[in-house]
1. Taking Ser70 as the residue in question, decide whether it is under 21 Å from Leu272 (Cα atoms), hydroxyl-bearing (Ser, Thr, Tyr), open to solvent by 30 Å² or more (accessible area, probe 1.4 Å) and free of Cβ contacts under 8 Å to residues at least 12 places away in the same chain.
2. What single numbered condition from (1) among the hydrophobic types (A, V, I, L, M, F, W, C); (2) within 18 Å of Val398 (Cα to Cα); (3) not in a helix (DSSP H, G or I) fails to hold for Met521?
3. Being aliphatic (A, V, I, L, M), touching an Asp or Glu at 6+ places or on another chain (Cβ under 8 Å) and closer than 30 Å to Glu277 by Cβ is true for just one of Leu315, Leu346. Which residue is that?
4. Kindly establish whether Ala576 is touching a helix residue (DSSP H, G or I) at 6+ places or on another chain (Cβ under 8 Å) and either among the hydroxyl-bearing types (Ser, Thr, Tyr) or modelled with pLDDT under 90 (or both).
5. Test of understanding: among Lys663, Lys604, which residue is over 24 Å from Lys582 (Cβ atoms), buried (at least 17 other Cβ atoms within 10 Å of the Cβ) and not hydroxyl-bearing (Ser, Thr, Tyr)?
6. Just for strands (runs of 3 or more DSSP E) wholly inside segment 132-226: which have at least 2 residues that are more than 21 Å from Arg336 (Cβ to Cβ)?
7. What is the number of the single condition among (1) open to solvent by 20 Å² or more (accessible area, probe 1.4 Å); (2) of a type outside the set (D, E, K, R); (3) over 22 Å from Ala134 (Cβ atoms) that Gly252 does not meet?
8. Which members of segment 183-219 meet the condition of being open to solvent by 20 Å² or more (accessible area, probe 1.4 Å), more than 27 Å from Phe324 (Cα to Cα) and hydrophobic (A, V, I, L, M, F, W, C)?
Amino acid sequence: MAKEFKRYLITSALPYANGPVHIGHLAGVYVPSDIYTRYLRMRGRDVVSVCGSDEHGVPITIKARKEGVSPQAVVDRYHEIIKDSFSRLGISFDIYSRTSSPTHRVTASDFFRKLYDEGKFIERTSMQYYDEEAGTFLADRYIVGTCPRCGNDRAYGDQCEKCGSTLSPDELIEPRSAVSGAVPVKRETKHWYLPLDKYEGFLRRWILEGHKEWKSNVYGQCKSWLDLGLQPRAVSRDLDWGIPVPVEGAEGKVLYVWFDAPIGYISATKDLTPDWEKYWKDGGTKMVHFIGKDNIVFHCIVFPSMLEAHGGYILPENVPANEFLNLEGDKISTSRNWAVWLHEYLDEFPGKEDVLRYVLCANAPETKDNDFTWRDFQARNNNELVAILGNFVNRALVLTKKYYDGVVPACGELTDYDRATIAEIGGIKASLEADIENYRFREALKDAMNFARIGNKYLADTEPWKVVKNDPERVKTILNIALQITANITVAIEPFMPFSADKILKMLNLERMSWDGLGSMSLVASGHVIDEPALLFEKIEDDVIEAQLKKLADIKAANAAAEAAAHVMAQKEEIAFDDFGKMDIRVSTILAAEKVAKTKKLLKLTVDTGIDKRTIVSGIAEHFAPEELVGRQVLVLVNLAPRELKGITSNGMILMAEDATGKLVLLGPENKVNDGAIVG
């Protein structure tokens with residue numbers, strides 16, 4: 001039997017205040033969180049929803065350094081952008097706080113100090129990378145170098161994003177600081193660690209035995225971490241931006257952001273209500289963390305261990321983490337600007353807040369990574385919101401206005417079909433509730449949309465526009481039922497599309513209704529006068545979508561140009577003109593090509609230089625098939641000293657360039673010219 005709760009505490013992952021919010025954040029965390037919270041409010045539950053900006057850590061200082069401003073200026077700017085964007089999209093937090101607030105500083109400091117005083121931490125001295133130019137220790141993510149696995153020269157100290165390998169800074173070839181570009185050195189430093197290994201038994205009992213109902217991706221990741229064995233984790237770091245470690249001898253050290261940030265849920269609740277303890281310390285509270293999959297370990301392993309170590313706090317009942325949302329087949333990346341930013345969407349699509357909410361829920365990455373495409377966005381708007389939901393609501397209201405001057409007709413004698421339709425409407429509620437309460441929001445949205453689907457079918461089958469000519473009394477019943485379905489829609493879609501629910505209510509001339517009314521066929525009284533009908537949604541035309549696709553294409557082109565620029569080698573040392581004049585470069589035609597036995601890279605080429613026919617050995621076998629080279633005109637450095645390769649004397653060098661992807665490009669004339677033509 002499911003446990004009954006007195007109240008609910010909903011937390012949403014704190015967005016990092018070094019940039020705006022994008023659709024990946026929304027689909028993974030904030031839209032699901034808002035759906036669940038709005039549903040609980042409609043049920044009359046005691047619920048608070050807390051969130052806020054995560055404002056500490058190295059990414060903030062790097063952003064500030066690049067922009068030439070203070071870290072506080074960075075977080076102030078993005079905190080306001082994020083907070084405003086959430087509000088405009090209808091994300092209805094009870095409080096949107098920030099980790100730079102005075103309340104948070106005190107709360108986080110007191111939390112650390114209690115664990116410190118009770119001996120819950122261990123102290124360790126270790127050698128860590130230090131940027132002497134920037135005067136700061138470097139987190140793994142802020143050390144870059146060449147990946148030892150694939151050769152990517154921009155791998156991070158914790159991961160290579162090109163090949164996906166997990167790395168440590170010591171494995172990088174030629175590591176350098178991402179802050180200044182300087183070569184870092186190792187320095188000794190002392191930090192405090194939370195010994196997570198001591199909490200393995202508690203975590204196994206709590207998660208693996210006590211919460212088998214959790215989503216498989218969450219449960220599986222927790223089990224994997226526990227099976228591998230937990231290690232102590234640092235709770236402090238060397239940095240001048242953050243909450244100072246509140247103990248003597250900790251000058252220049254702050255609380256590590258992963259320790260600091262989740263305490264932000266507590267401090268936000270403190271700022272919201274003086275009764276904050278009943279939400280955090282009463283076993284009658286159900287706490288649910290909404291996060292993305294990259295935060296599972298922090299919310300299921302680390303934060304619960306912190307709460308257990310502290311004592312007196314409740315633990316989350318569920319952590320329904322979502323997977324990732326991609327964009328047009330490519331991973332969303334803030335550094336590459338490959339994203340649909342919420343504040344830009346709201347400016348470019350005014351009045352279409354619910355379209356985005358709908359699409360992100362309908363395509364939510366609940367069990368696997370999913371892809372957002374602008375074509376799918378357009379199709380869902382036009383084929384579902386306009387053609388199904390908007391169409392039904394408009395027909396029901398327009399016909400009522402047309403036949404009865406907006407006065408709701410009384411329901412007369414019911415047919416078997418009427419009764420079947422009413423029963424079908426009444427049956428949706430249980431499924432919708434079960435899906436929301438079990439965090440299956442995609443299925444729940446389908447349930448909500450089924451009210452409109454049933455309504456459309458009912459009107460199409462009963463054809464009131466035809467029946468009115470011969471049986472006007474029958475039409476009164478048909479439209480009464482259609483209006484009751486319309487009123488039900490406002491209840492069913494409010495958690496998902498609150499702006500649209502309000503628009504329908506305005507057209508119905510009704511106030512918001514509680515969840516208890518869902519399924520009732522007496523939500524609109526006969527004789528009630530509705531307001532003027534209006535279109536609920538508008539079609540999105542192709543040119544609007546083309547503009548968004550062009551925007552992304554421009555971003556991709558800019559990224560490619562930046563990638564190419566990053567791979568351009570620095571200019572070599574200066575030479576005299578006479579040095580260049582010694583080089584004899586001739587247009588030549590490749591007459592024959594074959595692979596050199598027992599090698600992967602070498603091709604043996606026979607070329608006509610216009611002077612003679614000669615053999616050149618070139619390391620291009622991995623880029624070109626022999627048959628595609630024959631007949632090509634290329635540039636050859638003909639007076640290069642002969643060199644023996646695999647027993648073959650090579651007389652010259654084929655000239656080529658390498659693009660940003662590592663692909664080789666043969667250099668040659670655009671139009672055919674005589675072999676032997678001199679380049680210079």
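1. Numbers: under 21 Å from Leu272 (Cα atoms): no; hydroxyl-bearing (Ser, Thr, Tyr): yes; open to solvent by 30 Å² or more (accessible area, probe 1.4 Å): yes; free of Cβ contacts under 8 Å to residues at least 12 places away in the same chain: yes.
No: the conditions fail for Ser70.
2. Result: Met521 passes all but (2).
3. Numbers: Leu346 fails: closer than 30 Å to Glu277 by Cβ.
Result: Leu315 is the single residue among Leu315, Leu346 that is aliphatic (A, V, I, L, M), touching an Asp or Glu at 6+ places or on another chain (Cβ under 8 Å) and closer than 30 Å to Glu277 by Cβ.
4. On the way: touching a helix residue (DSSP H, G or I) at 6+ places or on another chain (Cβ under 8 Å): no; either among the hydroxyl-bearing types (Ser, Thr, Tyr) or modelled with pLDDT under 90 (or both): yes.
Criteria not met by Ala576.
5. On the way: Lys663 fails: buried (at least 17 other Cβ atoms within 10 Å of the Cβ).
That would be Lys604, the only listed residue that is over 24 Å from Lys582 (Cβ atoms), buried (at least 17 other Cβ atoms within 10 Å of the Cβ) and not hydroxyl-bearing (Ser, Thr, Tyr).
6. Details: elements: 143-146, 173-177, 185-194.
Output list reads 173-177, 185-194.
7. (3)
8. Result: Val183, Val185, Phe202.
The values are calculated or read from the model by the stated rules, or taken from the named source; none is laboratory data. Just so it is clear, the structure is predicted and the values come from calculations on it, not from any experiment. Every residue, glycine among them, receives a Cβ derived from its backbone with ideal geometry; neighbour counts consider all protein chains shown. Remember, those area values only see protein heavy atoms, side chains included, never the ligands or the DNA or RNA. Shrake-Rupley method; radii C 1.70, N 1.55, O 1.52, S 1.80 Å.
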